[in-house]
Amino acid sequence: MNRRTFIGSVGVLTLAAPSLRAQTIDLRPMINTITKGVEARKARVHFELPVLVDNGNSIPMTVKVESPMSAADHVKTIYLLSERNPVRQMATFHLGPRAGRAEIQSRIRLAGSQHVVALAHMADGSFWYDWASVVVTLSACIDET
């Protein structure tokens, strides 16, 4: 990364950070709907998302869940939840012990700077999560009405 790119990135983060905080939406009601009241704990899930992206149309992401993926202890479902997208439950991935490892790599669309949550449902009924913040300079998923 050259000096000009770095200074531009810091400037964008500085300008976007207040607006990211101002438009924060609480995702707990959506999480509680999925977990049906079971407490989701922040551990075991590792969610990787770039901190700054130029375009919200195709953002690479990786979700890894610490699990032996055995018949007794495996990841059943991974949910991706968006704070500002028109459809807040962006994706649902169903896994099982035959998956071998609990890792998802894909691309997502985001409607602007926001927080994204990765929520994992385990075979024992527990829920684990991680979240990431991303600053998007050019949004996707915009409703033109």
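The share of C-alpha pairs in segment 36-112 whose separation exceeds 17 Å stands at 52 percent.
When each of the peptides 32-38, 43-49 is scored by how many other beta carbons lie within 10 Å of its residues on average, the order from highest to lowest is 43-49, 32-38.
Shape of segment 71-145 from the C-alpha gyration tensor: prolate (a/c of 1.5 or more and a/b above b/c, with a ≥ b ≥ c the square roots of its eigenvalues). Count Lys and Arg as plus one, Asp and Glu as minus one, and take only other residues whose Cβ is under 15 Å from that of Val38; the net charge is then +4.
No lab work stands behind these numbers, since they all come straight from the coordinates. Note that the structure is a prediction, hence the values are computed from the model and not measured. Positions of Cβ are backbone-derived with ideal geometry, glycine not excepted, and every protein chain shown enters the neighbour counts.
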